[in-house]
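These notes concern the structure reproduced below.
Readers should treat all values here as calculations from the given coordinates under stated rules, not as data from a laboratory. Because the structure is predicted, anything quoted here is derived from the model rather than measured. Every residue, glycine among them, receives a Cβ derived from its backbone with ideal geometry; neighbour counts consider all protein chains shown.
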Amino acid sequence: MKLSVEISKYPLTEGDYVAAIQDFIDRINAYEDISVITNYMSTQLFGDFDTVTNALNKELKTSFEKHGTSIFVCKFIPGDLQAKYGNK
């Protein structure tokens, strides 16, 4: 089963919040089996359901441990919307 996810991270920190966001994006981009599109408002992930959710499970935990409290807003949509609608 394929999965599409749109995710936004809001670090609740007084430190460098941009670095905390970029760290998450860089770690997600390291997964070869996940297609990642990043824009100014969110990051979109496309791939196999288990691959994407396992990566998110690991990287969300790492973000909390490394950068403290953050809010992640996620939309999970079954199917590969990138393949269906393209990168517009």
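Run the numbers on the chain and let me know its relative contact order in percent, using alpha-carbon pairs under 8 Å that are six or more apart. All intermediate terms of the calculation are to be shown ahead of the outcome.
Working: 127 pairs, mean separation 42.7, N = 88.
Relative contact order, the chain: 48 percent.
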Q: Could you check the simple spin-label distance between residue 62 and residue 38, using points 7 Å along Cα→Cβ, in nm with one decimal?
A: 1.3
Q: Could you sort out which of 9/75; 58/84; 9/66; 2/61; 9/84 sit more than 20 Å apart by Cα distance in this structure?
A: 58/84; 2/61; 9/84
**Q.** Principal-axis tilt of helix 49-67 within the chain, Cα atoms, nearest 10 degrees
**A.** 10
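Please work out the FRET efficiency for the pair residue 49 and residue 12, using the Cβ-Cβ distance as r and a Förster radius of 30 Å; give the result to the nearest 0.05.
Values: r = 29 Å, r/R0 = 0.97.
Once the sixth-power term is evaluated, E becomes 0.55.
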Q: Name the residues whose placed amide hydrogens come within less than 5 Å of the amide hydrogen of residue 79, ignoring near sequence neighbours (fewer than 5 apart) on the same chain.
A: 2, 3, 4
Q. Any idea what the alpha-carbon Rg over 2.2 N^0.38 Å comes to for the stretch 2-81?
A. 1.04
Q: Report, to the nearest 10°, how far helix 17-29 tilts away from the longest principal axis of the Cα atoms in the chain, using its own Cα long axis and a range of 0 to 90°.
A: 30
